[in-house]
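Trainee: Here it is, the structure, as structure tokens.
We did not get these values from a lab; they are worked out from the coordinates using the rules stated. Computed from a predicted model, the values in this text were never measured in an experiment. Methodologically, a virtual Cβ is constructed for each residue, glycine included, from the backbone with ideal geometry; neighbour enumeration extends over all protein chains shown.
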């Protein structure tokens, strides 16, 4: 596997972190810690649903440390289902909760990710930098101890969400029939996470709580609604506008992309949709000049929302099990046609990016207001230039329609996916409000 154009982005993140990192706040250390998780997930080629789960648990521990040190922060147990009850052995005056929270992000990832041990170097380098800045060895060691203690509690709790049951499920076999999903070229990969619906959500009640409308019925008839939808995908791909191509590439977020040349196949790793929105959360927090505690809160809310959105979306994907445009178009319209983006290895309906992006935009709009413009540079890592957005909702709308431009989704999967994501996001917001959470301090000013 190869990652292209990675050095410029690493230098950019490093420079930004140095510029923002003030020992008095540690706010500038949060995004690099989360980005370190992303880099390990890139290495491991973690699936989009699984990535969202890792982000969620890593932020839950960090937020728990923050909320126990700041009585004005809403407790996680007030809006996260099944939240574990545990005691932190050290008094919060004996350690720096900010150091502990950042370290907990890394430590949780280290314990949970397949190649989590790669985070050890990041932990060591960060603590060396803190020693050079004059932090006492006692404070550092006790902050580490608290972070490790909380991370262990979170990891133990994570084992109760049914993730360990996935490997025991019956191996998935594609359904027989013209209407159903079938592995697509060039790698013809097996279905990704076909049993993800059994994962216990963090906020929503059940995986099918926001079950979307049924998809348009399959048909080979050239006059049918289904054929017309497929034809729309095909027609857009034949003469795409430059802006449509740019939008499709920007929101690709496919960690499974494979390029073939003769008998050789090369994998190209990219961040997941969840990783993209975690970075947007960081961008919004930085632009709004949020303090440390609220920056952690924003990351947590986005992480648990997108995790639940994947549970909801994957429940529908393997219920409707609908054929991808690439398969349909190759069979009934054009044998040689290829989509602009590589087709992901799972059923089509609903569009995952549409569900996750819309849900994430809803909670971010609640936290920051609906008119916070921002520059999204999340894809610089892959040589793709930044894009400007007027609001989170505008960004999510572009992410959704990108799937049509990219040739990997029909329009009803996009639009019904947006509805599914909006309802889920609104539900999460209602739970946050009921728990007493309010918009972040500077959001009201930023949105005017």
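Trainee: Mind pulling the angle between the C-alpha long axis of helix 411-435 and the longest principal axis of the chain? Nearest 10 degrees, somewhere in 0 to 90.
Mentor: 20 degrees
Trainee: Here's another thing I want to ask about it. Which whole-percent values make up P(r) of the stretch 265-395 when all C-alpha to C-alpha distances are grouped in 5 Å steps starting at zero?
Mentor: Over the stretch 265-395, the share of Cα pairs per 5 Å bin runs 2, 9, 17, 18, 17, 15, 11, 6, 3, 1, 1, 0 percent.
Trainee: Next up: Would you mind computing, in nm to one decimal, how far apart the modelled labels at residue 426 and residue 137 are, each placed 7 Å from Cα along Cα→Cβ?
Mentor: So the two model labels end up 5.8 nm from each other.
Trainee: Within 10 Å of each residue's Cβ, count the other Cβ atoms and sort 432, 364, 213 from fewest upward.
Mentor: Fewest-to-most ranking of 432, 364, 213: 213, 432, 364.
Trainee: Within the stretch 349-375, name every residue whose backbone N is under 13 Å away from a label modeled 7 Å from Cα of residue 287 along the Cβ vector.
Mentor: So the set is 364-365, 368-375.
Trainee: Going highest first, how would you order 202-212, 146-156, 291-301, 70-80 by mean Cβ packing within 10 Å?
Mentor: 291-301, 146-156, 202-212, 70-80
Trainee: Order of 42, 404 from fewest to most other C-beta atoms within 10 Å?
Mentor: Ascending number of Cβ neighbours within 10 Å: 42, 404.
Trainee: Moving to a separate point now. Looking at the square roots a ≥ b ≥ c of the eigenvalues of the Cα gyration tensor of the stretch 359-411, which shape do they give, rounded for a/c under 1.5, prolate if a/b is larger than b/c, or oblate?
Mentor: oblate
Trainee: Thinking of the stretch 89-128 as a set of Cα atoms, what percent of all their pairs are more than 12 Å apart?
Mentor: That tail contains 61 percent of the Cα-Cα pairs.
Trainee: If you average over every viewing direction, what projected area does the convex hull of the Cα atoms of the chain give, in nm²?
Mentor: Mean orientational projected area (the chain, Cα hull): 21.1 nm².
Trainee: Another question about this same structure. Give the angle, between 0 and 90 degrees and rounded to the nearest 10, that separates the Cα long axis of helix 392-405 from the longest principal axis of the Cα atoms of the chain.
Mentor: The angle comes out at about 30 degrees.
Trainee: Now for a different question. Averaging sequence separations of C-alpha pairs under 8 Å and six or more residues apart, then dividing by the length of the stretch 6-446, give the relative contact order as a whole percent.
Mentor: In percent, rounded to a whole number, it is 20.
Trainee: For the ranges 84-97, 308-321, 225-238, 103-116, what's the packing order if you count other beta-carbon atoms within 10 Å of each residue, average per peptide, and put the highest first?
Mentor: 308-321, 103-116, 225-238, 84-97
Trainee: Could I ask something else about it? Distance in nm between label sites at residue 435 and residue 220, each 7 Å beyond Cα in the beta-carbon direction?
Mentor: Each label point lies 7 Å from its Cα, and together they span 5.1 nm.
Trainee: Also, quick follow-up: Find how much the distance from residue 152 to residue 334 grows on full extension, using 0.36 nm per residue of separation minus their present alpha carbon separation; answer in nm with one decimal.
Mentor: Length gained, residue 152 through residue 334: 60.2 nm.
Trainee: Contact order normalised by length for the stretch 362-433, with contacts defined as Cα pairs under 8 Å and 6 or more residues apart; what percent is it?
Mentor: Here the relative contact order equals 31 percent.
Trainee: Determine the gain in length on full extension of the stretch residue 235-residue 206; use 0.36 nm per residue of separation and subtract their C-alpha separation, reporting nm with one decimal.
Mentor: Stretched fully, the residue 235-residue 206 segment lengthens by 6.6 nm.
Trainee: So for the stretch 49-91, Kirkwood radius off the Cα pairs, Stokes-Einstein at 20 °C and 1.002 mPa s: how many µm² s⁻¹?
Mentor: The diffusion coefficient I find is 187 µm²/s.
Trainee: According to the square roots a ≥ b ≥ c of the eigenvalues of the Cα gyration tensor, what is the shape class of the stretch 27-163, taking rounded for a/c under 1.5, prolate for a/b larger than b/c otherwise, and oblate for the remainder?
Mentor: Note, shape of the stretch 27-163 comes out oblate.
Trainee: Now a separate question. Per DSSP H run of at least 4 residues, take -39500 (n - 2.57); add these up for the chain, divide by its residues and hand me the 222 nm value, nearest 500 deg cm²/dmol.
Mentor: -17500 deg cm²/dmol
Trainee: By how many degrees, 0 to 90 and rounded to 10, does the Cα axis of helix 119-132 deviate from the longest principal axis of the chain?
Mentor: 30 degrees
Trainee: Suppose a student asked you for the relative contact order of the stretch 178-318, using Cα pairs under 8 Å spaced at least 6 residues apart; what percent would you report?
Mentor: It comes to 33 percent, rounded to a whole number.
Trainee: Could you tell me how far the Cα centroid of the stretch 138-180 sits from the Cα centroid of the stretch 40-65, in Å?
Mentor: The two parts, judged by their Cα centres, are 9 Å apart.
Trainee: How much length is gained if the chain between residue 45 and residue 74 is pulled fully straight, taking 0.36 nm per residue apart and subtracting their Cα-Cα distance, in nm to one decimal?
Mentor: Result for the pair: 7.0 nm of gain on full extension.
Trainee: Then there's this: What is the percent of Cα-Cα separations in the stretch 143-249 that go past 19 Å?
Mentor: 72 percent
Trainee: Arrange the following residues from fewest to most other Cβ atoms within 10 Å of their Cβ: 337, 277, 251.
Mentor: 337, 251, 277
Trainee: If packing is taken as the mean number of other Cβ atoms within 10 Å per residue, what is the order of 127-137, 55-65, highest first?
Mentor: Ranking the peptides 127-137, 55-65 by packing returns 55-65, 127-137.
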